[in-house]
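A short write-up of the structure that comes next.
The values are calculated or read from the model by the stated rules, or taken from the named source; none is laboratory data. Please read all numbers here as calculations on a predicted model, not as lab measurements. Positions of Cβ are generated from backbone atoms using ideal geometry, with glycine treated the same way; all protein chains shown enter the neighbour counts. Please note that ligands, DNA and RNA were not included when accessible areas were found on the heavy atoms of the full protein model with its side chains. Shrake-Rupley method; radii C 1.70, N 1.55, O 1.52, S 1.80 Å.
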Amino acid sequence: MTAPRIEIDFDKIRHNARTLVERLGQRRISVTGVTKAALGSPELGKLLIGAGVSDLGDSRIENIETMRSAGIRGSVTLLRSPMLSQAQRVVEHATASLNTEIDVIRRLSQCAQQVDREHEVILMVELGDLREGIMPGDLEGMVHRTLQLPNIVLRGIGTNLACRHGVTPDAANMDQLSSLATKTEAAFGIRFASVSGGNSANLTWALSGAETGRINDLRLGESILLGCDPLSRKPISGLYTDAFTLVAEVIELKTKPQAPTGELQQSAFGEPTAASGSGATESGAISQCILGIGRQDVDPAGLRAPSGIKLLAATSDHLVVRLAGQFLSVGSEVRFDVGYSALLRAMTSPFVVKVVKSEGTHRSLGRPGLAAPKSYAM
Ligand SMILES: *Cc1c(COP(=O)(O)O)cnc(C)c1O
């Protein structure tokens, strides 16, 4: 089979999604299934809908358009604040979007009027992580202005924690979101359909037995795909953490000195050249192996190598590893577990073939719009 490739086990992802939908359902929280780490794969979108998510979410309008043209009809939410320049596309293809700027919502309203549609808006509130969000004191004013805009439906409010600073969702910030919801509803005599508490980092809080208050939705990507909690990167009990496997091929295998020869300046990526941690000060030769995959295809920091293989360095197109107790030859394949950063980049690289495994069969995951590799694995 061609390499590099990422093998995707849909049965494991389905299990993870169903398990989280069920566990959160017991706490009266619905799941928005997030597809962005898989480039808005329509196959993944359909799988998530089948597993019981109430909504799909993606941060890129391009991905949402891909899902729409593949026939996905239900609610899809744009998770990143729409660009003014993309408002038309957002109104045409996304059911809802997360918003923080009145100029953007005004433009969405104008575009929605032109095509005689409604667009739903969730206002995001800043609760400490300092990424997107309206300052809590400004929420009422934003709600007031949003409610006046034609063809805009205020679906509710939400927040996003953890992504920038690792701020932990807890009773304090979740209670704050709940009371903002209740207070705002009372002030305007309205009822929010959705109070969206956050992303996969909220699961520990949501499943802890804590009072969930008004929170009735979470937007989940990483936990469904990789089965782990993004705050600790620890596995979530009962979920698969190995639904994705990255496979790379050996293109060179030599016995080489550990330490480079010659005067050292910057390497291609500006790192110190003495390969720290690789034992460069020890004398003697090592079994050095190069795999045909690089930083253009994967974030090496998000790779977990199998035992007997140690990552030494990565350049644009090469991953340099040391073999210790693994027998490989040119053409051998090496299989890696991936973390979120490695997954994101591997799924985005047109050079990494995506192969779906489901109920024992293999097929390639088509991706219209992106340059596909010449030979798709089957
Ligand atoms: C990506 C994203 C999510 C999903 O985050 P995970 O950690 O993958 O669950 C949720 N909300 C927003 C706004 C996002 O951008």
Check: Among the lysines, which have Cα under 21 Å from the Cα of LYS256 when same-chain residues fewer than 8 positions away are ignored?
Finding: LYS310
Notebook entry, point to check: Modelled label-to-label distance, ASP242 and VAL330, 7 Å Cα→beta-carbon offset: nm?
Noted result: 3.1 nm
Check: Say each of SER267 and ARG191 gets a label point 7 Å from the Cα, pointing the same way as Cα to Cβ; how far apart are those two points in nm?
Finding: 6.0 nm
Item checked: the chain: most fluctuating residue of THR32, THR159, THR146 per GNM, C-alpha cutoff 10 Å -> THR146
Notebook entry, point to check: When the Cα centres of segment 1-60 and segment 75-138 are compared, how far apart do they sit, in Å?
Noted result: 23 Å
Check: Relative to the Cα centre, what is the charge dipole magnitude of the chain, using +1 at the beta carbon of each Lys and Arg, -1 at the beta carbon of each Asp and Glu, and rounding to the nearest 20 debye?
Finding: 580 debye
Item checked: Residues of type lysines that LYS357 reaches as a straight line, Cα spacing below 20 Å, ignoring anything fewer than 8 places off in the same chain -> LYS12, LYS36, LYS46
Item checked: Cut-off 14 Å, label 7 Å out along Cα→Cβ of SER307, residues of segment 321-351 by amide N -> 324-327
Notebook entry, point to check: Mind checking the dipole of segment 83-136: about its Cα centre, +1 per Lys or Arg Cβ, -1 per Asp or Glu Cβ, Debye to the nearest 20?
Noted result: 140 debye
Notebook entry, point to check: Taking all protein chains as present, what is the carbon and sulfur share of the accessible area of the chain, in % to the nearest whole number, probe 1.4 Å?
Noted result: 50 percent
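Taking a probe of 1.4 Å, how large is the accessible area per residue of the chain, in Å²?
Numbers: 16960 Å² over 378 residues.
Averaged over the residues of the chain, the accessible area is 45 Å².
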Item checked: Exposure of GLU92 as accessible area (Å², to 10), given a probe of 1.4 Å and all protein chains -> 80 Å²
Next item on the list: Return the calculated 222 nm mean residue ellipticity for the chain, to the nearest 500 deg cm²/dmol, obtained by summing -39500 (n - 2.57) across DSSP H runs with n ≥ 4 and dividing by the residue count.
Entry: -7500 deg cm²/dmol
Item checked: Distant-in-sequence amide H partners of GLU126 (H built 1.01 Å from N, under 5 Å) -> ILE134, MET135
